[in-house]
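The values are calculated or read from the model by the stated rules, or taken from the named source; none is laboratory data. Only a predicted model underlies this, so the values are computations on that prediction, with no experimental measurement involved. Note that we place each Cβ from the backbone using ideal geometry, even for glycine, and neighbour counts take in every protein chain shown. Surface accessibility is based on the protein's heavy atoms, side chains included, excluding ligands, DNA and RNA. Shrake-Rupley method; radii C 1.70, N 1.55, O 1.52, S 1.80 Å.
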Amino acid sequence: MASQGDMVERLRPLVEMRRGRRQAPVRFRPATWRPWLEPHGAAHVLKLGVPDATSTSGERLISREDLAAARQALAADPEGLRDLFVAVMIWGAGTTNGRAPRYTSAAHGDARLPHVLEATRSAVRGGELTRAYTEFTLRGVRRSFFTKWFATVDDRDAESERALILDDRVFRSLNALGWSSKEAAGTRRWSARYVAYVGAVHEWAGSLGVPAAWLEWLLFDLNGRTEAQ
């Protein structure tokens, strides 16, 4: 496995070539989501973001900043948490994950939803990422999406090792760079591997002079294409 120093040097040219880039808003189709959300009284979440001026079919754009604003406006009640969760699922899916509306509906049908959202938000805000990972169990929602939930609800200060997203595209880039979460964590347990990943990205970001969340996005954007070009 690549050492921390090796990873920094492998990432450096990729970071320098893209340092000025930023994550674009995600396009989504309210018409696709509405039939899955209306039975749960959650269709109003589709008003988040802004209309896509280039769309002729009513598509909207939602950004990571929109999620942060929704989190800041969040009332401390189960319905508010539920709405934020729906927003995360919409943002995480965009127009490419056609199964996400069905998965979101399945999560709404899971009686554990209110408890899981509150318990994992509390764990993340307390810096207990292992506990958050272990306790997030909902029908239809896997790591790629629930780590997006962790990253969204983590409102700790910038000095903290805030939660990051770990999805398949990020994994593809990590593998291409020669980094193994299993070896870094010293175990096959996914909760420990996630925590090892978060710590590693924060360390690399500090050495490279970029925010950890930006470096996470870069790994996502590269999607395994890690040759400097």
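Hey, does region 125-136 have a residue that's at pLDDT below 95 and surrounded by fewer than 15 Cβ atoms within 10 Å (Cβ to Cβ)?
no
For region 174-208, how many residues are more than 20 Å from L222 (Cβ to Cβ) and open to solvent by 50 Å² or more (accessible area, probe 1.4 Å)?
Total meeting the criteria: 7.
Could you go through region 173-180 and let me know if any residue there is under 17 Å from V8 (Cα atoms), among the hydrophobic types (A, V, I, L, M, F, W, C) and assigned to a helix (DSSP H, G or I). Quick ask: steps written out before the conclusion?
In the first step, residues of region 173-180 are kept if they are under 17 Å from V8 (Cα atoms); the result is 173-180.
Going one step further and asking which of them are among the hydrophobic types (A, V, I, L, M, F, W, C), we end up with 174, 176-177, 179.
Next, only the ones that are assigned to a helix (DSSP H, G or I) stay: 174, 176.
Scanning region 173-180, I find at least one residue that is under 17 Å from V8 (Cα atoms), among the hydrophobic types (A, V, I, L, M, F, W, C) and assigned to a helix (DSSP H, G or I), so the answer is yes.
Got a number for residues in region 41-53 being among the hydrophobic types (A, V, I, L, M, F, W, C), within 19 Å of H108 (Cβ to Cβ) and assigned to a loop (DSSP other than H, G, I, E, B)? Spell out how you get there, then give the answer.
Looking only at region 41-53, we keep the residues that are among the hydrophobic types (A, V, I, L, M, F, W, C), and these are 42-43, 45-46, 48, 50, 53.
Filter again for within 19 Å of H108 (Cβ to Cβ), leaving 42-43, 45-46, 48.
Going one step further and asking which of them are assigned to a loop (DSSP other than H, G, I, E, B), we end up with 42, 48.
Counting residues in region 41-53 that are among the hydrophobic types (A, V, I, L, M, F, W, C), within 19 Å of H108 (Cβ to Cβ) and assigned to a loop (DSSP other than H, G, I, E, B) gives 2.
Which of the numbered conditions does E65 fail, given that it passes all the others? Conditions: (1) part of a helix (DSSP H, G or I); (2) charged (D, E, K, R); (3) in contact with a Ser or Thr (Cβ under 9 Å, 6 or more places away or on another chain).
(3)
So how many residues does region 140-150 have that are within 17 Å of T130 (Cβ to Cβ) and crowded, with 21+ Cβ neighbours inside 10 Å? Before you say what the answer is, go through the steps one by one.
Kept after step one, since they are within 17 Å of T130 (Cβ to Cβ), are these residues of region 140-150: 143, 146-147, 149-150.
Then drop every residue that is not crowded, with 21+ Cβ neighbours inside 10 Å, which leaves 146-147, 149-150.
Summing the residues that are within 17 Å of T130 (Cβ to Cβ) and crowded, with 21+ Cβ neighbours inside 10 Å in region 140-150 gives 4.
Filter region 3-31 down to the residues that are of a type outside the set (K, R) and either touching a Cys at 6+ places or on another chain (Cβ under 6 Å) or crowded, with 17+ Cβ neighbours inside 10 Å (or both) and list them by number.
First, the residues of region 3-31 that are of a type outside the set (K, R): 3-9, 11, 13-17, 20, 23-26, 28, 30-31.
Answer for region 3-31, where residues must be of a type outside the set (K, R) and either touching a Cys at 6+ places or on another chain (Cβ under 6 Å) or crowded, with 17+ Cβ neighbours inside 10 Å (or both): M7, V8, L11, L14, V15, P25, V26, F28, P30.
Under 6 Å by Cβ, and 6 or more places apart or on different chains, what pairs join a residue from region 208-229 that is under 21 Å from S160 (Cβ atoms) with one that is surrounded by fewer than 20 Cβ atoms within 10 Å (Cβ to Cβ) and of a type in the set (S, T, N, Q)?
Going by the 6 Å Cβ cut-off, the qualifying pairs are W217/Q23.
From (1) free of Cβ contacts under 8 Å to residues at least 40 places away in the same chain; (2) in a helix (DSSP H, G or I); (3) open to solvent by 80 Å² or more (accessible area, probe 1.4 Å); (4) not aliphatic (A, V, I, L, M), pick out the condition that doesn't hold for T56.
T56 satisfies every listed condition except (2).
Failed condition for S160, given (1) at pLDDT 95 or above; (2) among the hydroxyl-bearing types (S, T, Y); (3) within 18 Å of the chain's Cα centre (by Cα), with all others met?
Tallying (1) at pLDDT 95 or above; (2) among the hydroxyl-bearing types (S, T, Y); (3) within 18 Å of the chain's Cα centre (by Cα), S160 fails exactly one: (1).
Filtering region 59-74 down to residues that are open to solvent by 50 Å² or more (accessible area, probe 1.4 Å) and small (G, A, S), which residue is farthest from E118 (Cα to Cα)?
Restricting to residues being open to solvent by 50 Å² or more (accessible area, probe 1.4 Å) and small (G, A, S), the top hit is A69.
For residues in region 98-130 being in contact with a helix residue (DSSP H, G or I) (Cβ under 6 Å, 6 or more places away or on another chain) and touching a residue at least 60 places away in the same chain (Cβ under 8 Å), which is nearest to A151 (Cα to Cα)?
Looking at residues that are in contact with a helix residue (DSSP H, G or I) (Cβ under 6 Å, 6 or more places away or on another chain) and touching a residue at least 60 places away in the same chain (Cβ under 8 Å), I get L129.
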